[in-house]
Amino acid sequence: ALFLFYYFTIIFFETVIDILENNPIQEIHDSFISSFGVRLLVQRTDLNHPHISGNKWFKLKYNIAEAKKNNFETLLTFGGAFSNHIAATAAAGKKFGFKTIGIIRGDEKNELNNTLQFASDCGMELIFISREKYREKENIEFIEELKNRFGKFYLLPEGGSNLLAVKGCAEIIQNSTISFDCICCSCGTGTTIAGIASTLKTTQKAIGFSALKGADFLEPSIEKYIFEFTGERKMNWEINHDYHFGRYAKVTNELKKFMIDFEKNNHIPLDFVYTGKLFFGIYDLIRKGYFVKGETVLVLHTGGLQGNAGFIAEKMR
């Protein structure tokens with residue numbers, strides 16, 4: 001057993017190295033941005049793995065190690081029908097030898113969308129529950145129901161959001177040699193920005209762009225994560241709530257045009273739910289003079305591109 005543990009640790013470490021080395025920094029050369037005296041860099045964590053991409057790898061890495069260490073054979077988690085986390089967990093389970101169970105919010109459709117079909121192809125068992133029942137996902141009684149039904153499993157919260165995920169996300173820029181004044185990322189649960197803010201220098205700040213309307217839970221949740229992880233209350237971050245475009249996963253013609261033009265000019269694909277709104281918000285803030293002349297802004301591309309195909313197909317129905 002000890003040999004197997006060390007063998008897994010070595011393989012896992014080698015995988016981490018391979019992934020960390022594939023997070024290139026790409027500079028955006030745009031006359032609009034340069035006219036405001038701002039330098040814009042993109043950390044392409046969307047390229048770190050074909051299926052466990054972006055911040056999802058960093059959220060999952062220590063959870064996977066913890067599950068392996070404690071001899072769990074099954075990962076169980078929660079998500080919506082287009083969840084990047086569901087797809088990434090399914091892929092991680094296949095890669096590292098876990099059975100995976102996805103508790104999916106909403107009714108089962110006759111035909112699975114691209115995200116859920118991918119998860120299923122990776123071996124994930126999909127369990128559809130009502131939206132009302134889904135709200136109980138953090139209740140002890142509901143978790144006990146799941147344990148009685150499925151047996152022993154390692155529980156991953158919705159979005160993979162826990163302190164081990166914060167620890168992983170802290171490594172996204174921890175060893176970065178890139179000099180920047182501000183780092184921006186999209187926010188769903190707040191775990192990623194909590195990890196990032198925990199490792200910033202005193203001269204740096206982080207801005208999270210909420211993808212959800214009315215996400216008042218983000219600030220207290222992020223503050224809690226940072227304090228539990230570092231033992232400190234940091235004031236080097238903020239959340240911008242102005243670029244959700246009406247609600248989660250809402251897309252407008254203005255946003256679609258921006259995304260098309262951005263990809264055409266910079267050869268960086270964006271997703272409709274998170275990074276499209278993130279970059280739109282950053283460009284708008286540059287236009288409004290939010291960033292100081294001479295400031296270097298680093299943008300974290302958190303992946304999520306797997307959802308585009310299914311998202312487009314759903315909107316066309």
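The values are calculated or read from the model by the stated rules, or taken from the named source; none is laboratory data. In this text the structure is predicted, and so the values were computed from the model without any measurement. Please note: Cβ atoms are built from the backbone with ideal geometry, for glycine as well, and neighbour counts cover all protein chains shown. When the accessible area is computed, the model is the full protein with side chains, heavy atoms only, and any ligands, DNA or RNA have been set aside. Shrake-Rupley method; radii C 1.70, N 1.55, O 1.52, S 1.80 Å.
Descriptive notes on the structure:
- Pairs of alpha carbons in region 68-186 separated by more than 18 Å make up 56% of all such pairs.
- Apportionment of accessible area to carbon and sulfur, region 19-172, percent (1.4 Å): 44 percent
- For region 103-148, relative contact order (Cα pairs under 8 Å, six or more residues apart, normalised by length) works out to 46 percent.
- Stokes-Einstein D (µm²/s) once Rh is taken as the Kirkwood radius of region 65-125 over alpha-carbon pairs, at 25 °C in 0.890 mPa s: 211 µm²/s
- With Cα atoms, 0 to 90° folded angle of helix 140-150 axis to the chain main axis: 60 degrees
- Trypsin sites (Lys or Arg not before Pro) lying in DSSP loop within region 263-294, provided at most 11 other Cβ fall within 10 Å: Lys288, Lys293
- Annotation: per residue accessible area for the chain equals 49 Å², rounded to a whole number [probe 1.4 Å, protein chains only].
- Length gained on full extension, Thr177 to Lys257: 25.4 nm, using 0.36 nm per residue less the C-alpha separation.
- Region 98-194: trypsin sites (Lys or Arg not before Pro) falling in loop per DSSP and having at most 16 other Cβ within 10 Å: Lys109, Arg135, Lys152
- Taking region 118-249 and dividing mean pair separation by its residue count, relative contact order in percent (alpha carbons under 8 Å, at least six apart): 20 percent
- With contributions of -39500 (n - 2.57) from each DSSP H run of at least four residues, the per-residue ellipticity at 222 nm computed over the chain stands at -13500 deg cm²/dmol.
- Volume in Å³ per residue [convex hull over Cα atoms, computed for region 191-298]: 114 Å³
- Between the helical axis of 218-230 and the longest alpha-carbon principal axis of the chain there is an angle of about 70 degrees.
- The accessible surface of region 209-259, taken with every protein chain in place and a 1.4 Å probe, is 52 percent carbon and sulfur.
- Considering all C-alpha pairs of the chain, those separated by over 38 Å amount to 12%.
- In this rough spin-label picture, where each label sits 7 Å from Cα along the Cβ direction, the Asn265-Arg131 distance is 3.7 nm.
- FRET E, pair Thr230, Lys288, Förster distance 35 Å, beta-carbon r, rounded to 0.05: 0.65
- Accessible surface for Ser35 stands near 80 Å², nearest 10, in the context of the full protein assembly shown (1.4 Å probe).
- Of all stretches in the chain that contain no GluC sites (Glu not before Pro) in a DSSP loop with at most 14 other Cβ atoms within 10 Å, the longest one is 139-231.
- Equivalent ellipsoid dimensions for region 252-310 as semi-axes, Å, which come from the Cα gyration tensor, largest first: 22, 13, 10
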